[in-house]
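**Q** Would you mind keeping the following structure in view while I ask a few things?
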C-alpha cells in the first residue's frame, strides 16, 4: 500500500461531475486530477511572462507560447476541478464523518459505514445505537482531525486518524482511530468495513475496544 500523510485542515472539494474509480491507474489519476496549486501558479506566471514579453517585443512565437501555456493550465485546472480521485473521495469521507460527529448527525456517519462493518464486538445496528447514545451524552462542541495517514491499494484503504474533540461537560478528548475501507464502484463511495479505537487520551485501547460511555 502507498502511504500518504495529510495535514489536519484539508480544503473540501466542490461537487464533482466525475467520480474516478479505483480501477483507474493511480499515478496518472493523481497527476491529472488532483490539485497542484504550486505547479499551476508557476505555469500561470510563465504564461503571463511570455505574453508580456511577446507583446512588448512583438514576437508572435513568444506570445503564442504564453497563450498555449495559459490554455493548457486552464484546461488542467478545470479538469481537476470536475474530477474527484479515489484518494480525494477518501479524504472527504473522513472529513465528513468527523464533522457529522461534531453535530450529532449519526445518519450521516452511518452513510459511510457498510452494513457488514464491525467495531469491536458491535455489528452495524449496534454501531448505530452505540454512536447515538455516546454522542448525545458527550455534548461535543468541536471535532478536529489533527493528523491523518491514508494507505490505498486497489479498492481497499486504511486511514489512521488522531482526533481532538472538545466536549461541553468533559473537556478535551484525544482519540486515535483506524478505519478499514472498501470502495464501491457505484456510486463510487468508500464504505468503512472495520473500525478500531486505538487510543483514548494517550492510553492505548485494548483489542476490540469501543467508545466508552461518558461518566
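**Q** If residue 156 satisfies every condition in (1) surrounded by fewer than 17 Cβ atoms within 10 Å (Cβ to Cβ); (2) at pLDDT 90 or above; (3) farther than 16 Å from residue 116 by Cβ but one, which is the exception?
**A** Tallying (1) surrounded by fewer than 17 Cβ atoms within 10 Å (Cβ to Cβ); (2) at pLDDT 90 or above; (3) farther than 16 Å from residue 116 by Cβ, residue 156 fails exactly one: (3).
Residue by residue, here is whether (1) more than 28 Å from residue 160 (Cβ to Cβ); (2) at pLDDT 90 or above; (3) part of a strand (DSSP E or B) holds:
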site: 8; (1), (2), (3): no, no, no
site: 48; (1), (2), (3): yes, yes, no
site: 53; (1), (2), (3): yes, yes, no
site: 64; (1), (2), (3): yes, yes, no
site: 67; (1), (2), (3): yes, yes, no
site: 101; (1), (2), (3): no, yes, no
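**Q** Could you grab the pairs with beta carbons closer than 6 Å, sequence gap of 6+ or different chains, first residue in region 186-207 and under 20 Å from residue 83 (Cα atoms), second one modelled with pLDDT under 90 and surrounded by fewer than 14 Cβ atoms within 10 Å (Cβ to Cβ)?
**A** Listed pairs, sorted by first residue: 191/184.
**Q** Given the residues 161, 70, 131, which is the only one that is farther than 21 Å from residue 175 by Cα, in contact (Cβ under 8 Å) with a residue 24 or more places away in the chain and in contact with a helix residue (DSSP H, G or I) (Cβ under 8 Å, 6 or more places away or on another chain)?
**A** That would be 70, the only listed residue that is farther than 21 Å from residue 175 by Cα, in contact (Cβ under 8 Å) with a residue 24 or more places away in the chain and in contact with a helix residue (DSSP H, G or I) (Cβ under 8 Å, 6 or more places away or on another chain).
**Q** Quick one: residue 75 ticks every box in (1) assigned to a helix (DSSP H, G or I); (2) within 30 Å of residue 142 (Cα to Cα); (3) without any contact (Cβ under 8 Å) to a residue 60 or more places away in the chain except a single one, so which number is it?
**A** Residue 75 satisfies all of (1) assigned to a helix (DSSP H, G or I); (2) within 30 Å of residue 142 (Cα to Cα); (3) without any contact (Cβ under 8 Å) to a residue 60 or more places away in the chain except (2).
**Q** So which residues in region 166-185 are in a strand (DSSP E or B) and touching a residue at least 60 places away in the same chain (Cβ under 8 Å), if there are any at all? Break it down into steps so the answer makes sense when it comes.
**A** Residues of region 166-185 that are in a strand (DSSP E or B), as a first pass: 166-167, 171-184.
Residues satisfying the conditions are 179, 181, 182, 183.
The values are calculated or read from the model by the stated rules, or taken from the named source; none is laboratory data. All values derive from a computational prediction rather than experimental measurement. Positions of Cβ are generated from backbone atoms using ideal geometry, with glycine treated the same way; all protein chains shown enter the neighbour counts.
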